[in-house]
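Student: Got a structure for you, written out below as structure tokens; questions coming shortly.
What follows is calculated from the coordinates using simple rules that are stated; it is not laboratory data. All values derive from a computational prediction rather than experimental measurement. Cβ coordinates were reconstructed from backbone atoms using ideal geometry, including for glycine residues, and neighbour counts include every protein chain displayed.
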Amino acid sequence: MSQETKQSQGDAKGAVTEITPQSENFSQWYLDVVRRAELADYTEVKGCMAIRPYGYAIWELIQKAFDERFKKTGHVNAYFPLFIPASLLMKEKEHVEGFAPQVAWVTKGGDEELAEPLVVRPTSEAIIGTLYAKWIKSWRDLPVLINQWANVVRWEKVTRPFLRTTEFLWQEGHTAHETAEEAQAETLQILGLYKECAETELAMPVIDGEKSESEKFAGASRTYSIEALMGDGRALQAGTSHNLGQNFAKAFGIQFQGRDKSLQYAWTTSWGVSTRLIGGVIMTHGDDNGLILPPRIAPYQVVIVPIPRGNWQETVLPKAREIKASLEARGIRVFLDHRDTQTPGWKFAEWELRGVPLRMELGPKDLEKSAVMVARRDTRTKESMPMDGLVDSVVRKLDDIQAALLQRATTFRDEHTTRVSSYDEFKSVMEGRPGFVIAGWCGSVDCEAQIKAETQATLRNIPFDGVGVKGTCVKCGKPSPSEAWFAKAY
Ligand SMILES: [Zn+2]
């Protein structure tokens, strides 16, 4: 296959033959990458996607990274049922109002109409709260620190793979505490964990802060979020952590006998990240050639492509296998692509499109020089690396790529963040190059709603370092107690 046609080589079913450039249509670029890199596919059920093995391998690595951190901070995993009796969901008034429009119902089991309809969980506060009411009796039973990895269903009208789907995978942590202070500390600990994990593992810089009243979780006292900026200048809410106060404890009867023997309501939290993070990774790092994966969550960190010349199967291939084994011995994930059904040029383009951080090309000439050609996906630069000390060089290179991706995304975010002092300036930024806008906000729901209606920008959060930065509200001119971050968002 010639170099000219490599990018238009579609898959066998001809689903997507090339990737639309980002500058032409970012949204189409995203869909093309998802399909062409074989991350996910549509199904017969509208809004429900199948996550393909390559996409699922990314999810498993993300899952592992978060799960390790949850466990290190004292959380344990459990599993709760998919169905919730409708009456349970109704117990917390704000919660049910928030979720009712998105709930999927089960009204029949086999031939039988159910006496009480079930809902498919949109989130699990109701079922878990009911169980916590049984499990928690005394202050000695606290804190309860449980997480579950599960699927949830929210009936969405407009869907997009990974970003918004009717069924999605996530983790939901549910904790119960003795005091308000402990619940607040837990809520913020998890937010900090989310930020650190997103930046360390996904190389995705995020702003952490508190949501406004109108954007908070249905039934929560306080909601905090991490917000990332995508390559098209739109924000993505990448994780949320909620302090539920005693709202759910009161609705579900989570009571315990306190140290002073009095009966008290527990203080609870809930928090989650989902497969949406995969969408975030795609749109934070990808380019016109496709996906770019941070090494820490890349299913294959290195792909080795042997160059089939001469008696390569007796010379090049054994050496490639040897390199693979030595890299794997250091914990590096390697794919040796020795398929003889595809040319090296096709493989280069293919693995570039699928975002593998490092590609090694090994041919007879490299063997003679006792070296290997190594290409970086992020910079698309190539260099010859000596075989001597190769494993160490690769480990260093992968670390470099991980750091460079975070740096690049942070620079992009900073370059697309504007602090404005007037509403005219706010509007002109939103009409021009999109990104985050930092502005004073008085705290009024009306100002927030008018800004949204007039500019499509929503209040993403009030970052911790923006609290106490006094000024005037960008909309009404009244004094503002803190700065808020606005953006058009997914
Ligand atoms: Zn205002």
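Student: Kyte-Doolittle cut-off -0.5, length cut-off 24 Å along the helix's own axis using Cα: show which whole DSSP H helices in the chain pass. It would help to have the intermediate numbers written out before the result.
Tutor: On the way: long enough: 53-72 (28 Å, -0.68); 180-201 (31 Å, -0.43); 390-415 (36 Å, -0.14).
Flagged H segments are 180-201, 390-415.
Student: With the crude spin-label approximation of a point 7 Å out along Cα→Cβ, what separation in nm comes out for Lys250 versus Asp388?
Tutor: With each label placed 7 Å out from Cα toward Cβ, I get 7.4 nm.
Student: Run a plain Debye calculation on the range 164-214 (Cα atoms as equal point scatterers, no solvent) and give log10 I(q)/I(0) at q = 0.14, 0.21 Å⁻¹, rounded to two decimals, same order as the q list.
Tutor: Listed by q, the Debye log ratios stand at -0.53, -1.01.
Student: In debye, nearest 20: dipole of the range 369-421 around its Cα centre with unit charges on the Cβ of K, R (+) and D, E (-)? Kindly include the intermediate steps, with their values, before the conclusion.
Tutor: Numbers: 10 positive and 8 negative charges, 45 e Å.
So the magnitude is around 220 debye.
Student: Sticking with this structure for a sec: So if we plug the beta-carbon distance of Thr341 and Glu415 into 1/(1 + (r/R0)^6) with R0 = 56 Å, what FRET efficiency do we get, rounded to 0.05?
Tutor: Numbers: r = 44 Å, r/R0 = 0.78.
According to the calculation, E is roughly 0.80.
Student: Okay, next question. Which value at 222 nm does the chain reach when only helices count, each DSSP H run of 4 or more adding -39,500 (n - 2.57), with the total divided by all residues and rounded to the nearest 500 deg cm²/dmol? Write out the running numbers ahead of the final one.
Tutor: Values: 14 runs with 166 residues, N = 490.
After summing the helix terms and dividing by the residues of the chain, the value is -10500 deg cm²/dmol.
Student: What whole-number distance in Å separates the alpha-carbon centres of the range 200-234 and the range 26-74?
Tutor: That distance is 19 Å.
Student: Return the long-range amide H neighbours of Asp287 (sequence gap of 5 or more, or a different chain), with a cut-off of under 5 Å between placed amide H atoms.
Tutor: Ile292
Student: Another question, if that's okay. What does the charge dipole of the range 352-484 about its Cα centre add up to, to the nearest 20 debye, if the Cβ of each Lys and Arg holds +1 and the Cβ of each Asp and Glu holds -1?
Tutor: Values: 20 positive and 20 negative charges, 31 e Å.
Charge dipole of the range 352-484: 140 debye, to the nearest 20.
Student: Stick to the Cα atoms of the chain, pair each with every other, and give me the Kirkwood hydrodynamic radius in Å at one decimal.
Tutor: Details: mean 1/r = 0.0403 Å⁻¹.
The Cα-based Kirkwood calculation yields 24.8 Å.
Student: ³J(HN,Hα) across the range 208-225 via Karplus (A = 6.51, B = -1.76, C = 1.60, θ = phi - 60°), whole Hz, x for Gly/Pro?
Tutor: The phi angles translate into 9, x, 9, 6, 6, 3, 6, 9, 7, 4, 4, x, 7, 7, 9, 10, 10, 9 Hz.
Student: Oh, and also: Taking 1 over the mean of 1/r across every pair of different Cα atoms in the range 349-388, what Kirkwood radius in Å do you get?
Tutor: On the way: mean 1/r = 0.0949 Å⁻¹.
In the range 349-388 this quantity evaluates to 10.5 Å.
Student: Could you give the spread of the C-alpha atoms of the range 75-169 along their three principal axes, from largest to smallest, in whole angstroms?
Tutor: 45, 35, 27
Student: Then there is this: For the chain, what is the charge dipole size about the Cα centre, in debye to the nearest 20, if Lys and Arg each add +1 at the Cβ and Asp and Glu each add -1 at the Cβ? Don't skip to the answer; put the middle values down first.
Tutor: Numbers: 60 positive and 65 negative charges, 71 e Å.
With only Lys, Arg, Asp and Glu charged at Cβ, the dipole is about 340 debye.
Student: Considering only DSSP beta bridges where both residues belong to the chain, give the percentage that are antiparallel (nearest 5). Kindly include the intermediate steps, with their values, before the conclusion.
Tutor: Numbers: 72 of 87 bridges.
If I count the DSSP bridges inside the chain, around 85 percent turn out antiparallel.
Student: Regarding the range 91-140, what are the three Cα extents along the principal axes, ordered largest first, in Å?
Tutor: 46, 25, 14
Student: Please compute P(r) over all alpha-carbon pairs of the range 212-290, binned at 10 Å starting from zero, and give each bin as a whole-number percent.
Tutor: Per 10 Å bin, starting at zero, the Cα-Cα P(r) for the range 212-290 comes out as 17, 32, 24, 15, 9, 3, 1 percent.
Student: Next question, about the same structure. Could you run the Debye sum over the Cα atoms of the range 67-124, one equal point scatterer each and no solvent, and tell me log10 of I(q)/I(0) at q = 0.12, 0.23, 0.27 Å⁻¹, two decimals?
Tutor: The Debye formula, applied to the Cα set alone, gives -0.42, -0.90, -1.05.
Student: To continue, here is another question. Would you mind computing the Rg to Rh ratio of the range 330-399 from its alpha-carbon coordinates, Kirkwood style for Rh?
Tutor: On the way: Rg = 12.1 Å, Rh = 12.9 Å.
Rounded to two decimals, Rg/Rh equals 0.94.
Student: Give me the Å³ per residue figure for the convex hull around the C-alpha atoms of the range 181-327. Intermediate values should be presented prior to the final figure.
Tutor: Numbers: hull volume 23.2 nm³, N = 147.
Considering the Cα atoms of the range 181-327, their hull volume per residue is 158 Å³.
Student: Another one. Subtract the Cα-Cα distance of Leu114 and Ser326 from 0.36 nm times their separation in residues, and report this length gain in nm to one decimal.
Tutor: Details: separation 212, 0.36 × 212 = 76.32 nm, distance 5.91 nm.
Computed gain between Leu114 and Ser326 is 70.4 nm.
Student: Here is a further query. Post the alpha-carbon centroid distance, the range 429-457 to the range 236-284, in whole angstrom.
Tutor: 28
Student: Relative contact order, percent, of the range 337-398 when contacts are C-alpha pairs under 8 Å separated by at least 6 residues? It would help to have the intermediate numbers written out before the result.
Tutor: On the way: 55 pairs, mean separation 14.4, N = 62.
In percent, rounded to a whole number, it is 23.
Student: I would also like to ask the following. Rounded, prolate or oblate, given the Cα gyration tensor of the range 91-243, with a/c below 1.5 counting as rounded?
Tutor: Working: a/c = 2.00, a/b = 1.15, b/c = 1.75.
Here the range 91-243 falls in the oblate category.
Student: Which whole number in µm²/s is D for the range 387-481 by Stokes-Einstein, with the Kirkwood Rh taken over Cα pairs at 20 °C and 1.002 mPa s? Please list the in-between numbers first.
Tutor: Numbers: Rh = 15.8 Å.
The Stokes-Einstein estimate is 136 µm²/s.
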